[in-house]
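Student: Sharing a structure below in structure tokens format, with a few things to ask.
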Amino acid sequence: MEEVGRSIDIETRRMELRGVVKVAGEVIAQYWPMRTFVHHNPLHSLEYLPFEEAVRRGKQFMGGDGYLPSHLYRRYLNTGRITSAHLDAALKPLIHDKHLAIGSRTVTHGDLLRACLAEGICTPVVEPLDDQLPDPSNDLIDRLAAKLASVSTCSDLDGRIRSIAEGDQAALGRWLTLSHWCDDTLGTQIVRQINDQLIKWCEAFLDEGHATWPMPGREKGLYGAWKALAVHEWSPCGIEDSIKKISRLPDHPEDALLESLDALGIPAELRQDYLSLQLTALPGWAGFIKWRAEQREYAWQRAYPVGLVKYLAIRLWYARELVQQACRQELGIDGRYDSVTAYIRTHAEEYYLRRQRVAGRLPALYAEEVDRLAHQKNNGWKTVLDRYRAEVVARQEAAARRSAARKLLALARSLEIDAAQLAECSPTDLKRVVDWMEAFPESDHGPVWLKAFEAGYHDRLLGQLQQRRAEAHQPAQTRPYSQSVYCIDVRSEPFRRHLESVGPHETLGFAGFFAAFIRYRAWGKEHDTEQFPVIMRAKHEVREIPRSYLGHKVSKHEARAKWVAAGHTLLHDLKENVVTPYVMVESLGWFYGLPMVGKTLLPSLYRRWTAWLRRIFVPSIATTLTVDKLAPAETAEMLAAEQQATVRKALQERTGLRSSRITPELVEGLRQRALSGQGDPDPPLVKEAERAGLSMERLNAFAETLQRQYDLNARTASRHKERITRTGFTLEEQILTVDTALRMMGLTKNFARLVLFCAHGSTSDNNPYESALDCGACGGNEGSPNARALATMANNQRVRERLTKTGIEIPTDTHFLAGQMDTTTDDIHLFDLEDVPPTHRADVARLQEDLKGAAELTSQERCGRFPEVRQAVKGKRAEAHARRRSTDWSQVRPEWGLSSNTAFLIGRRDLSKGIDMGGRVFLHSYDYREDPNNRLLEVLLTAPQVVAQWINMEHYFSTVDNDVYGSGSKIYHNVVGRLGIMSGPWSDLRLGLARQTVMNGDVPYHEPMRLLTIIEAPRERIEKLIARHEVLRHYYHNEWVHLVALEPEEGVLYRYRPTGQWARIDG
Amino acid sequence: MMGEAVASVLSAGVPLLGALLSLALWPQPDKLRICSIATAVISLGAVVGLSGYLTGPTEGFLFVYLLPIAAGASLLGQPVHPLHRSSWIMTLVFLGLGLGVLTLRGPAEQMCLIAIVDHTPLWPMSWWGIGLFTLGVACAGTSLLADPPLSSVTSLLSCAILLPLVPLHGGYLAALTRLPGNLPPFLAVLLPTAGLHGLAALIRTVPDVVAIGITVLAVVGGLYGAVKALAQSRVRLRLAYGSLSFFSMLWWFMAATRGTAPSAAVFVGAVALATSGLLLSWQVVRTRYGDDVDPQAVSGLASAMPSYAVLLSLLALAAIGLPPFGVFSGFVGLLLSAPVSFSIAILIILLVWLAASWYILEMVQRLLFGARRSDLRHTDLRRDELASLLLIVVALLALGVIPAHLIGPGTMTPPTTTDTGSFAWKK
């Protein structure tokens, strides 16, 4: 009974711990694998907090800055990007009604704050104790410093020591781990040591087929595999008796984690924060583990389970051992929370000196003295501190006064006050000015700058919209040449603008997955892609299959494709083998020179040549998609065909039978036998087996092999059947999909003869971030399958007939086309052209011509944004330049991608038609008149807007602090485990975007601003949605997203305040 | 003969005269500094102009040219500050005395040497340094007055104090770490060159037993210097111990060959210049962040002070003995002209060389890379600092690429007389 009670107690503790870890993990964002790069807000889990507070938390947990450095904002101010008016407006809430006189000049509090921002006066600078740099202002600085001395209060060293000790005691466990504390106090490198270990283990364990020699024992899970291997390591990180200690660890990671937390003595109320801090030490790896743990169906997760508890169990084991060791050796205390806090309390002076020494704030002589005391474990701390107090503190105070005097001088220069007048001011006034400056430290400047920065852009964009509205006149309802629907992606905006300019084409914006939530498998591929936003779930499966008329061409294609695949595999194996590379380099090495020379010197030509070769060897074949749901008989037939193929393959592999001896009857008999599972084989099967030379025993054994090793059994068949039934859409589903899509984009009448659903993808070489350039709405994949699926559905006559009943009457001469835009080259490829009726060939030709013209203009516009293109490139040269970038394997910036995105416009195209938005705005077509019950707007705000906000925040944070929230320079990137990238050979998984994606040299290309959502809809409708959805309240009330409504009837813009009020924006 | 004496006196006299003139500008530090720099330039011009009249020292004219360059560079690298006035004047005095040691002959040469050694301990606040320099004075005086072998022994001792050899290296260390202003970077060149000048004449006469003793001390000193340099956190100490280990290599070579190769002068000149350059680089940091700045407190200067970063990196590369700088060519020259093909000593010497590339680069890496402290004011090199460091780098480059026989004594001077049995050295 007692045993049962104990086991329940243990299980309760484990469950409780799992809950704590789950909540602790909220501070880190999920990390999707690179092949389906998903833009996301790195502070997504903190969106329940106001933006400024979340940024502060980000700084505390991850050390990331939430705003650009002030000098960059000042640069914007100097270039006019930030105007004085906007800066003043942003400063207004901070200004007090105070002023003082300096000479004849009255200086207000506002003047001072503005000068602090504009001149960077408040930048914290440590004044050296004895600066010897010649400065003509030195005399004046000395005079001002002398004046300040008369009113300055002497800093109390004891008070400072006390406050540091108290602050650190309070921070320990909340913002500071014991490992960090040791590093900061004892000069150890525990955090780095632990990180190195964790990187090593995570890299090996989480590998997804990249490593030549995979880590053994991964099926035991991260913790189990680590425990099994680490026990063979000799003293990792210098931990004594590590072998014994690791082998004694509990089998359950939860128990090990609890044991470590207990060993470190972390109080229960601090455990969540403590674990959060541990997770933020390597937010990349922890974020990937967090993502993978939630993907229960993910093949790698099923095979090699991993989770944050397991990760933390390992991490905290190292932490506890290293902290214990450091505290014992250096301080003679236990490495526990209570012992450390007691040490800080009782040895405050020693603690102060140690911290100052590690932080590099002691003069060299004292630093050596502290080292000596620490090394010899002497008790001379008080003596050293007394000497420090007598010799250094006074000099520090003098230096601080000089620093204040420098700031005063800078202020005088900024306000154009004669410096001599400053020297004549009373010390009290000078002190007041210094106090004002100190009350507005540079750490408080970011929010002010950001508001001013955003205001400038908002004014311009909203002004353009208002002007457009004023100039626009109701166009006559004429039938356009074509209508084309593009993804809301900001890169579509220039293309749409140019297409509209080259002919009477109408364009619309819609999330690039085109309302088709499909899991897709391309022809000849073995893996599915999830073609929808990551916040959704797959509803249907679609496969690409060869067109039925191709007959023998398919098998020929398959055979050749297999040869190519085999060649690739062979080369790969030869390269990765232990021995073969030695021979291979000599014999085949020079073959690799050809691609190297081609890719380097003639990238475009090389690409064309290899594509030609590929076409010659494996000609592409026409395909179609399995959009219609299969009938039960068809499902059974498909299943049977797949199973028969398996049996055939198994017969060849296991029995060595030639294909001529494998009869269909034998295959079918074996299939049935494997599925039924028991009993004697049917006589016809026995007969067929005998004919093939298989005895009864071999037949039975083979059937068993089929069941066990080839997964050919009733259970698997049932699962497989269920999956096949998910393939395609029923008629009802097709109607719903097309209806929803057309209504959401506001395309319900005046259909053109051609309607193009244009997805997008990208082409680049040697670019691990390739999927970041693809369609975010399609889960980081190319969107062509979705476009093809929707076009197929919309061309279905039965769907159209039913749509007529719902009020969408599609003319019989309207044909839906699918296409894909390559955002790197601006080319548009149209699919399924053989389905176009002969009557529409001329329309297609005209559309293709105009698309080409628009592509050329778009390339021309985009070329102007590349920093290395100094002169305007026009026409074909622009196209060629764009194409060259896409094939150049040394190009770190094939295109700017979504950089510079700023706003999301939900409304009719008439609102923005003709406005050059510079490829910065997500455009979603929406007609509020088609949405009387608000259903469509609700979807737009809770799905596409969320995706846009993630993209926007990813870019924002990657720009403001590329080292922490971004992934640093691409130059140092290395792909790891086929799942992400590291900087150099050893780092955290790098989050966010590369420096080259958002920065142009040292200046941001992407202007980091929060998303501005502009909705053309009545305000009360929007309010209802905000009240209904927490995510919207978080966005607008916590200032993650700015919201502006265009009141359709009034034609007036209103800004939504965080307080929930609307404020009219006057044009 | 008369012309030579006049030329020697003139060479040594110009800086001393400049020092006297500078005294008149004492109340105006900026002008005093300019005058000092001008004097160094004139001295260089004078020795170049008078070189035709001078009898070349055993180790060649290299040091005669290097001393004014080092003095000028050290003066240029110093900020204008009233506290540094005396060190500027002392630099000129030492320059004059140094040129005197190199160009004068007979008692005058020894008197200059005594003056250098005698003046140096006035400055360092180190009893060990003062003690060793006092010993140096005594040795130099004795060598002037006594007969061989005592004079030879005392001469050798004074050389070991100037061109540091364990255990007599304390004076050199004190000069590099305790002297104020620009004296350390200048004395880093002056002391070893004066030491080699004496040693070049003396080493040919040492008996085998002394040579073996020197070899042992040199190898031990090289190892000791490298280990101590590795353990130092303070920059000047690290550089002083580092140069000690390099100079120990030279002692080993001299003892092994009993002669002076052209590359020995290049090696000493280059090591001394590289040490001087690195000391000047550290002076740049001290000028900005205070004399007692903790080296661990400054990092990430590469992005904030690019000119400084480039020059410091070049100096570090030169100091660790990479081509095309003088330390490399000098070191390779020494190895190639060494009589022994392989020995434990060579292995240790190579180890010492490798160690230098570790601790010097570690120091430079810490200063230039890592997190940039945003709370520090970063000011890149001023024009005179830039000129100073550039001068040193160019000089190091010149030492590396100019053929050694053009700047050294020409050929290796073989041992003339060595009495292997007794202790009666010839002077």
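Read-outs: derived from the displayed coordinates by stated rules, not from any lab. Note that the structure is predicted; figures quoted are calculated from it, not measured. Neighbour counts are summed over all protein chains in view; Cβ atoms, including those assigned to glycine, are modelled from backbone coordinates with ideal geometry.
Student: Considering the Cα trace of region A:1-119, what is its radius of gyration and what is Dmax, both in angstroms?
Tutor: For region A:1-119, the Cα-based Rg and Dmax read 25.0, 89 Å.
Student: Of all beta bridges DSSP finds with both residues in chain A, what is the antiparallel percent, to the nearest 5?
Tutor: So the antiparallel bridges amount to about 40 percent of the total.
Student: To test your reading of the geometry: what angle, between 0 and 90 degrees and rounded to tens, separates the Cα axis of helix A:190-205 from the longest principal axis of chain A?
Tutor: 0
Student: Below 14 angstrom from the Cβ of residue A:579, what's the summed charge of the other residues (Lys, Arg +1; Asp, Glu -1)?
Tutor: Value of the local net charge: -2.
Student: Any idea what angle helix A:683-692 forms with the longest principal axis of chain A, computed on alpha-carbon atoms, 0 to 90 degrees, nearest 10?
Tutor: 80
Student: Nearest 10 degrees is fine. How inclined is helix A:427-438 to the longest principal axis of chain A, computing both from alpha carbons?
Tutor: Once rounded, the angle reads 10 degrees.
Student: Over region A:630-726, what is the relative contact order in whole percent, taking alpha-carbon pairs under 8 Å and six or more residues apart?
Tutor: The value is 36 percent.
Student: At 0.36 nm per residue, and after removing the present C-alpha to C-alpha distance, how many nm does the segment from residue A:467 to residue A:709 gain when stretched out fully?
Tutor: Numbers: separation 242, 0.36 × 242 = 87.12 nm, distance 6.98 nm.
Here the segment from residue A:467 to residue A:709 would lengthen by 80.1 nm.
Student: Follow-up. Using only alpha carbon positions, build the gyration tensor of chain A, then give the equivalent ellipsoid semi-axes as the square roots of 5 times its eigenvalues, largest first, whole angstrom.
Tutor: Each semi-axis is the square root of five times an eigenvalue, giving 57, 43, 26 Å.
Student: For region A:700-752, restrict the atom set to alpha-carbon positions and state the Rg and Dmax in Å.
Tutor: Answer for region A:700-752, Rg first and Dmax second: 21.4, 67 Å.
Student: What percentage of all Cα-Cα pairs in region A:437-587 are separated by more than 29 Å?
Tutor: 61
Student: Let me ask something else. Pull up the cross-link candidates among the lysines for residue A:687, meaning alpha carbon to alpha carbon under 24 Å and not fewer than 8 places away within one chain.
Tutor: Cross-link targets: A:649.
Student: Now a separate question. Would you mind giving the mean number of other chain beta-carbons within 10 Å of the Cβ of each residue in A:359-365, as a whole number?
Tutor: Partner Cβ neighbours, averaged per residue: 6.
Student: Can you work out the FRET efficiency for the pair residue B:384 and residue A:245, with r the C-beta to C-beta distance and R0 = 56 Å, to the nearest 0.05?
Tutor: E(calc), rounded to 0.05, equals 0.40.
Student: List the pairs from A:227/A:310; A:629/A:721; A:227/A:290 whose alpha-carbon separation is above 19 Å, in the order I gave them.
Tutor: A:227/A:290
Student: Right, here's the next one. Starting from the Cα of residue A:558, step 7 Å along the direction of its Cβ; do the same at residue A:75; then give the gap between the two resulting points in nm.
Tutor: Here the modelled spin labels are 5.8 nm apart.
Student: Which FRET efficiency, nearest 0.05, do residue A:1064 and residue A:92 yield, Cβ-Cβ r, R0 22 Å?
Tutor: It comes to 0.75.
Student: Taking the alpha-carbon distance from residue A:749 and a cut-off under 20 Å, which lysines remain once sequence neighbours fewer than 8 residues away in the same chain are dropped?
Tutor: Straight-line reach from residue A:749, under 20 Å: A:805, A:913.
Student: For region A:936-1054, just the Cα atoms, rotate onto the principal axes and tell me the three extents in Å, largest first.
Tutor: Sorted from largest, the Cα extents of region A:936-1054 read 58, 30, 21 Å.
Student: Give the relative contact order (percent, whole number) for chain A; include only Cα pairs under 8 Å separated by 6+ residues.
Tutor: Computed over chain A, the figure is 16 percent.
Student: Right, next: Just B:85, B:286, B:383 to compare: in a GNM of chain B, with alpha carbon springs under 10 Å, which one fluctuates most?
Tutor: Evaluated over chain B, the most mobile residue of the options is B:383.
Student: For a quick check of your reading of the filter: which GluC sites (Glu not before Pro) in region A:1006-1067 sit in a DSSP loop and have no more than 11 other Cβ atoms within 10 Å?
Tutor: Loop-located and lightly packed - A:1049, A:1050.
Student: In Å and from the alpha-carbon atoms only, list the Rg and Dmax of region A:630-726.
Tutor: Gyration radius and largest Cα-Cα distance of region A:630-726: 13.2, 40 Å.
Student: A follow-up question, please. Take peptide A:351-358, look around each residue's Cβ out to 10 angstrom, count Cβ atoms belonging to other protein chains, and average those counts.
Tutor: The shielding value for this peptide is 1.
Student: Please work out the FRET efficiency for the pair residue A:654 and residue A:615, using the Cβ-Cβ distance as r and a Förster radius of 30 Å; give the result to the nearest 0.05.
Tutor: Values: r = 38 Å, r/R0 = 1.25.
For R0 = 30 Å, the calculated efficiency reads 0.20.
Student: Within region A:192-283, which trypsin sites (Lys or Arg not before Pro) sit in a loop by DSSP and count at most 11 neighbouring Cβ atoms inside 10 Å? Could the numbers behind the result be given before it?
Tutor: Details: sites: A:192, A:200, A:218, A:220, A:227, A:244, A:245, A:248, A:271; in loops: A:248.
Answer in residue order: A:248.
Student: Multiply the residue gap between residue A:10 and residue A:375 by 0.36 nm, knock off their C-alpha separation, and tell me the result in nm, one decimal place.
Tutor: 127.0 nm
Student: How about region A:344-418: which GluC sites (Glu not before Pro) there are in a DSSP loop, with at most 16 other Cβ atoms within 10 Å of their Cβ?
Tutor: Working: sites: A:349, A:350, A:368, A:369, A:391, A:397, A:416; in loops: A:416.
Sites meeting the loop and neighbour criteria: A:416.
Student: Report the semi-axes of the equivalent ellipsoid for region B:2-407 in whole Å, largest first, where each axis is √(5λ) for an eigenvalue λ of the Cα gyration tensor.
Tutor: Value: 30, 26, 19 Å, ordered largest first.
Student: Also: Once the other residues with Cβ under 9 Å from the Cβ of residue A:523 are scored (Lys, Arg +1; Asp, Glu -1), what is the net sum?
Tutor: My count for the surroundings of residue A:523 gives +2.
Student: Which of the aspartates and glutamates could a cross-linker bridge to residue B:228, judged by Cα under 19 Å and excluding same-chain residues fewer than eight apart?
Tutor: Candidates past the 8-residue exclusion: A:368, A:369, A:371, B:294, B:362.
Student: Let me confirm one metric for peptide B:295-305, namely the mean number of other chain beta-carbon atoms within 10 Å of its residues' beta-carbons.
Tutor: Going residue by residue through B:295-305 and averaging, the value is 2.
Student: A follow-up question, please. Between beta-carbons, use under 14 Å as the cut-off and find the net charge around residue A:830, counting Lys and Arg +1, Asp and Glu -1.
Tutor: -4
Student: Would you calculate, for chain A, the mean residue ellipticity at 222 nm contributed by helices, counting each DSSP H stretch of 4 or more residues as -39,500 (n - 2.57) and dividing by all residues, to the nearest 500?
Tutor: -16500 deg cm²/dmol
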